[in-house]
């Protein structure tokens, strides 16, 4: 178990929100690369299961698309290739160009999206769902709203377990589409997974509604908690480190 599992949920939430906002503030490529490297280190040391091969495979496809679009259609005055289509080509000759500004902008956008995908699961995967609601209420948020947010986080893990159970059941019935690596087989497999997963989601929502009604949920304006969050020294250290990182990346962004 890594250090992030022992950090107070309120501190983790504040840090994740602050670092997520940082993704949308920065514009320079240098700041985006620094932020991505730091987030990769945090993710690798967080103890959260991380398929680096699958992540970088998806990231490569995403990077190619974003960089190509920005290089072709983004603004800029420094050209890699101009024109993209030779003048000798009929009708379309002389059109299109590849620009260096668009290329670097595409790299920066790719780094920002990758950083966002890396940092968001750190909170959800290292914080038990039953600790999220007390943390939100201690931040003066209404406990009904806190329950809705907690239920949303909880449903992610429930759907993941439900999907794995359905996949195993379909494999036992002789369905081998999940073992194929082609796109068409994968689409057929996940379309067949969608219907039972939706039915299971509706069933669980109905059970939750009955349980809440039977316990008179919402009849009181306040409530007590079994696990009351308490701040410790390491929590303040993590918060201080996140603040320093936040301003350091901003300084790099404005400097470059």
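The values are calculated or read from the model by the stated rules, or taken from the named source; none is laboratory data. Worth saying up front: this structure is predicted, and the values here are computed from it rather than measured. Cβ: placed from backbone, ideal geometry, glycine included. Neighbour counts: every protein chain shown.
Residue 83 passes all but one of (1) surrounded by 14 or more Cβ atoms within 10 Å (Cβ to Cβ); (2) within 25 Å of the chain's Cα centre (by Cα); which number fails?
(2)
Please work out if residue 14 is assigned to a helix (DSSP H, G or I) and at pLDDT 85 or above.
Spelling it out, residue 14 is indeed assigned to a helix (DSSP H, G or I) and at pLDDT 85 or above.
Assuming residue 154 fulfils every condition listed in (1) at pLDDT 75 or above; (2) part of a helix (DSSP H, G or I) apart from one, which condition is it?
(1)
Residue 76 passes all but one of (1) surrounded by 13 or more Cβ atoms within 10 Å (Cβ to Cβ); (2) modelled with pLDDT under 75; (3) at positive phi; which number fails?
In the conditions (1) surrounded by 13 or more Cβ atoms within 10 Å (Cβ to Cβ); (2) modelled with pLDDT under 75; (3) at positive phi, residue 76 misses (2) alone.
Being in contact (Cβ under 8 Å) with a residue 40 or more places away in the chain and part of a helix (DSSP H, G or I) is the filter here, so list the residues in the stretch 37-47 that pass it. Spell out the reasoning first.
To start, the set of residues in the stretch 37-47 that are in contact (Cβ under 8 Å) with a residue 40 or more places away in the chain comprises 38-40, 42-43, 45-47.
Answer for the stretch 37-47, where residues must be in contact (Cβ under 8 Å) with a residue 40 or more places away in the chain and part of a helix (DSSP H, G or I): 38, 39, 40, 42, 43.
Between residues in the stretch 17-36 that are part of a helix (DSSP H, G or I) and residues that are surrounded by fewer than 16 Cβ atoms within 10 Å (Cβ to Cβ) and modelled with pLDDT under 85, which pairs lie under 6 Å by C-beta distance while being six or more apart or on different chains?
These pairs meet every condition: 30/256.
Select from the stretch 202-236 the residues that are under 16 Å from residue 144 (Cα atoms) and assigned to a loop (DSSP other than H, G, I, E, B) and list them in ascending order.
215, 216, 217, 218, 219, 220, 221, 222, 223, 224, 225
Spot the failing condition for residue 252; the list is (1) in a helix (DSSP H, G or I); (2) at pLDDT below 75; (3) over 26 Å from residue 125 (Cα atoms), and only one is missed.
It fails just one condition, (2).
What are the pairs, 6+ residues apart or on separate chains, where a residue within the stretch 197-215 that is under 26 Å from residue 164 (Cβ atoms) has its Cβ under 7 Å from a residue that is surrounded by 13 or more Cβ atoms within 10 Å (Cβ to Cβ)?
Cβ pairs passing all conditions: 197/159; 197/162; 197/163; 197/166; 200/162; 201/159; 204/158.
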